[in-house]
Amino acid sequence: MTSPNDEPVLNTAEAHTIEHLAATYLRNDPQWKERVVYFGPMGCRTGFYLILEGDLESKDIVGLMKDLFTFMAGFEGEVPGASPKDCGNYLDMNLPMAKFVSKRFLDNVLTDIDESRLIYPQ
């Protein structure tokens, strides 16, 4: 989501919020919910890992990623699971920044994504 060693990394509050929003979306997506193994932040805080069950290529999940980031960019209301009962660090959330960085990634990467952006550099 950010260019490593070139842009500021995600702060923990927005990364934590994105993690909660993405978990909510992915657990409820009718097409993908049974295939989601993991969604969580990279230790370097430049983005997230998404692990799905099956033999998939990046192009197979472009629609899912666009829908996920559209959901996060437009989310309104209380962050799901942001309560002492549900989260061990529920106060470390930043919905406005999570929405901002989600929209930025959607606009700058996902909206007009082409084949050149679907191959992870080796």
Once exposed loop trypsin sites (Lys or Arg not before Pro) are cut out (DSSP; at most 13 other Cβ, 10 Å), longest piece of the chain: 34-84
Reported label for calculated log10 I(q)/I(0) by the Debye sum over Cα atoms at q = 0.13, 0.21 Å⁻¹ given (i) -0.43, -1.13; (ii) -0.52, -1.39; (iii) -0.55, -1.10: (ii)
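Readers should treat all values here as calculations from the given coordinates under stated rules, not as data from a laboratory. Computed from a predicted model, the values in this text were never measured in an experiment. Cβ coordinates were reconstructed from backbone atoms using ideal geometry, including for glycine residues, and neighbour counts include every protein chain displayed.
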